[in-house]
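S.K.: One structure, pasted below without further comment.
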Amino acid sequence: MNLFISILIIVGISLDVFATMEVEGAMVPEIKKTPLAIACTITTGLSLIFFFGGYLVCYEINEHDVFMYEQLTASVIAAVVFALLGVRLIVKAVQKEFVHESRRELGIRTYIKLIVVTSFYILAAGCACGFIEANAYVLLVTMVICFIAVVVFGILTGYHYGFEKKTIAYAFGAVLLWIAGIYVLVTGIIPGL
């Protein structure tokens, strides 16, 4: 799998976190560096744990031929996972989600709760990347950069502009995941692309 598609997948799943952080940023009375650094650390750390937990399990399944499947099957599974993750983001984009607007400080429990809620989807993306044997180092570096960026920019965007931009983030994330899914499917059908 090439570098560009790995980046598309990570950016696509990180835009879900961006939208969540945007809502949180709209609620803070002021942005302080220490809580922002803690938010980046917790969000990135938990996301890495869930993503690479799924990645390692599915990578080992693929390496040891547990299910005796062809690479095409792995590509189809990964493409379906990316397509479903994209559909989920579109549903979140059009769904009118209730947001209890109140000023509050950034809290550690909030970030843990937010990441645990999205952990299943991050785990699923990790599994899909493990099945297609994506480069773990590229994924790691991309995830660290993307997740720190989306936490910071999500909170800043929410703080300055409110949380109405989250719909665009969800839709853009869905499109990126669909593009990655199509690429994975096509390369599974036509090896060597």
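The values are calculated or read from the model by the stated rules, or taken from the named source; none is laboratory data. As the structure is a prediction and not an experimental result, all values here were calculated from the model. Here the Cβ is made from the backbone with ideal geometry for all residues, glycine too, and neighbour counts use every protein chain on show. All accessible areas refer to the heavy atoms of the entire protein, side chains included, with ligands and DNA or RNA removed. Shrake-Rupley method; radii C 1.70, N 1.55, O 1.52, S 1.80 Å.
S.K.: Identify all residues within the stretch 43-56 that are under 14 Å from A124 (Cβ atoms) and modelled with pLDDT under 90; write none if there are none.
M.R.: Within the stretch 43-56, S47 is the sole residue that qualifies.
S.K.: A further question follows. Need pairs with beta-carbon distance below 9 Å; first residue on the phi > 0 side of the Ramachandran plot and hydrophobic (A, V, I, L, M, F, W, C) and within the stretch 121-149, second assigned to a loop (DSSP other than H, G, I, E, B) and open to solvent by less than 10 Å² (accessible area, probe 1.4 Å); sequence gap 6+ or separate chains.
M.R.: From residues that are on the phi > 0 side of the Ramachandran plot and hydrophobic (A, V, I, L, M, F, W, C), there are no pairs.
S.K.: List the pairs whose first member sits in the stretch 84-103 and is under 19 Å from M27 (Cβ atoms) and hydrophobic (A, V, I, L, M, F, W, C), whose second member is open to solvent by less than 70 Å² (accessible area, probe 1.4 Å) and modelled with pLDDT of 55 or more, and whose Cβ atoms are under 6 Å apart, counting only residues at least 6 apart or on separate chains?
M.R.: V99/V23
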